[in-house]
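One structure below.
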Amino acid sequence: MSMSERKGICVARMAGLIVACSAVGTAAGEANYQPYVVGERAAGMGGAVAATADGMDACFYNPAGLGNETRDSISVNGALYGIQSYEMEDSAFPGEDMEVTSFATIPTGLSAVKKLKDGTVAAFSVFVPSRSSAREIQAFPERQHYYNYSQDEQMLYLGPSLGRVVGERLTLGASVFGVYQTASEFQNLYWGDYSYTYTANYKYSVIGVVGVLGAQVRIADEWQAGLVFTTPSATLSGEGKIQLSEVLGDSDSADAGAVYYDDLDADNGLPAQLRVGLAWRRPDVGSVGFDATHHFSSRYEWMSGTQNGEPVCIRQEREAVTDLQLGGEYVFRKRYPLRAGAFTSFSSAPDLEADGDSLLSQIDLYGVTASIGSVGENVVINLGLSYVWGEGDALGTRFNEDEELESFVSRTRESGLYAFASTAYRF
């Protein structure tokens, strides 16, 4: 086999294997849009606040909610602390399951809200809606099989928001967020009994911008509706690097090959989003909310460019998915809000087939949340827990009838348990 032929095989594998491996330890990777819930009230109510969002929550979920603010405030949703775990059956070799467990510390957001003279309410916020990190070493000495894996990913939203009351029952709002996403991954495989090693490594960063338009409507004295549209991301700049190599040391068929690409253009392909919500709320008593969030489909060039005069293009695809959020709260003694909620985070990865074009793991996630808070004259505090779990499909490896290795659709499981805290000071 010539070096050019081997490079062609490497490029084909790179387009699938590197993307597929990114699901390990990354809360199902970028195919799931809500691996956890950010915000204050929203964090305890499963994110079901499109119709009632205010303060920090309004900036992220529906900026129209800022129009109802009567006081300036500074809010900090301190951090999520938790354990993330990922298990995949027959991940690289029959009988060798991948298990990755990591401790996560995620600073999820802060916001400053200011009333302006003309009745408009302005805010500036920073959110971390996605972050994961994992390190793992696994060994199967009986076959001399060894695996090393490391991964980091983070997405940051920051920007201004405006909200304003425009009628007796209607408020409107808008946010513009700069989006910064960075990710890197390293995977190394060594099979002593096959005299084979394989290494894959990628790194990329993307800077973009998204816009958010929102409305809240009071349809009855204690009933409200919310509508929010988020634009697809517009990439301003992106840079990526990919390295892939393999060595076969068998004396009868020894061979080696490597591919290295740098200065590639990168994109994260965030799709448009439409959120609708309906809620009942009675001040100082409680509320119940239900949201449905539709993420549109997206097809984009994850990394592309030219290397040594040859074009390089790796495409990714996201399918349309609709997530649901449900939550409620009861305000005990008009001061202590008790909240609970549930949400989904369905995978936008295409259906997985052993001989298909997409190799990205497909895991549907489900989450529950609960929190307790204290509302004082100036200080608001919330403490809570969130549990996320799910099962799905991933590509594994097995022996066929001829005792040759082949890919097949295996099972994978994922879970995460988080503790969170938030506080706000109102002037």
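Quick rundown of the values:
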| read-out | value |
| --- | --- |
| Cβ-placed point charges (K, R +1; D, E -1), dipole of segment 148-301 about Cα centre in debye, nearest 20 | 1280 debye |
| Separation of alpha-carbon centers, segment 371-391 and segment 88-141, rounded to whole Å | 18 Å |
| More than 16 angstrom apart: percent of Cα pairs within segment 31-103 | 63 percent |
| Calculated P(r) of segment 250-362 - Cα pairs past 23 Å, % | 59 percent |
| 0 to 90° range, to nearest 10: angle between helix 3-13 axis and the chain longest Cα axis | 30 degrees |
| Likely footprinting exposure, S150, S75, fewest C-beta neighbours within 10 Å first | S150, S75 |
| Approximate spin-label separation Y366-K115, in nm, with each point projected 7 Å along Cα-to-Cβ | 4.4 nm |
| FRET efficiency for D284 and F103, using Cβ-Cβ distance with R0 set to 30 Å, rounded to 0.05 | 0.20 |
| Value of Rg to Rh for the chain (Rh from inverse mean 1/r over Cα pairs, i.e. Kirkwood) | 1.03 |
| Helix-derived mean residue ellipticity, 222 nm - over the chain, DSSP H n ≥ 4, -39500 (n - 2.57), to 500 | -1500 deg cm²/dmol |
| Highest to lowest packing among 377-388, 285-296, scored as the average C-beta count within 10 Å | 285-296, 377-388 |
| Potential extension, I83-Y336 segment - 0.36 nm per residue separation minus Cα distance | 88.3 nm |
| Ranking of F346, F186, F93, F103 by count of other Cβ atoms within 10 Å, fewest first | F103, F186, F93, F346 |
| Hz values of 3J(HN,Hα) by residue in segment 416-427 - Karplus curve (6.51, -1.76, 1.60), Gly and Pro given as x | x, 10, 10, 10, 9, 9, 9, 8, 9, 10, 10, 7 |
| Order of M45, M155 - criterion: other Cβ atoms within 10 Å of each residue's Cβ, fewest first | M155, M45 |
| Simple spin-label estimate for R143 and A225 in nanometres, 7 Å along Cα-Cβ | 5.7 nm |
| Added length on full extension, which subtracts the Cα-Cα distance from 0.36 nm per residue, S297 to D402 | 33.8 nm |
| Kirkwood Rh and Cα Rg combined as Rg/Rh, segment 297-396 | 1.23 |
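Every number in this text was worked out from the coordinates using simple rules, so none of it is lab data. The structure presented is a predicted model; accordingly, all values stated were derived computationally and were not measured. Every residue, glycine as well, gets a Cβ built from its backbone with ideal geometry; the counts of neighbours run over all protein chains shown.
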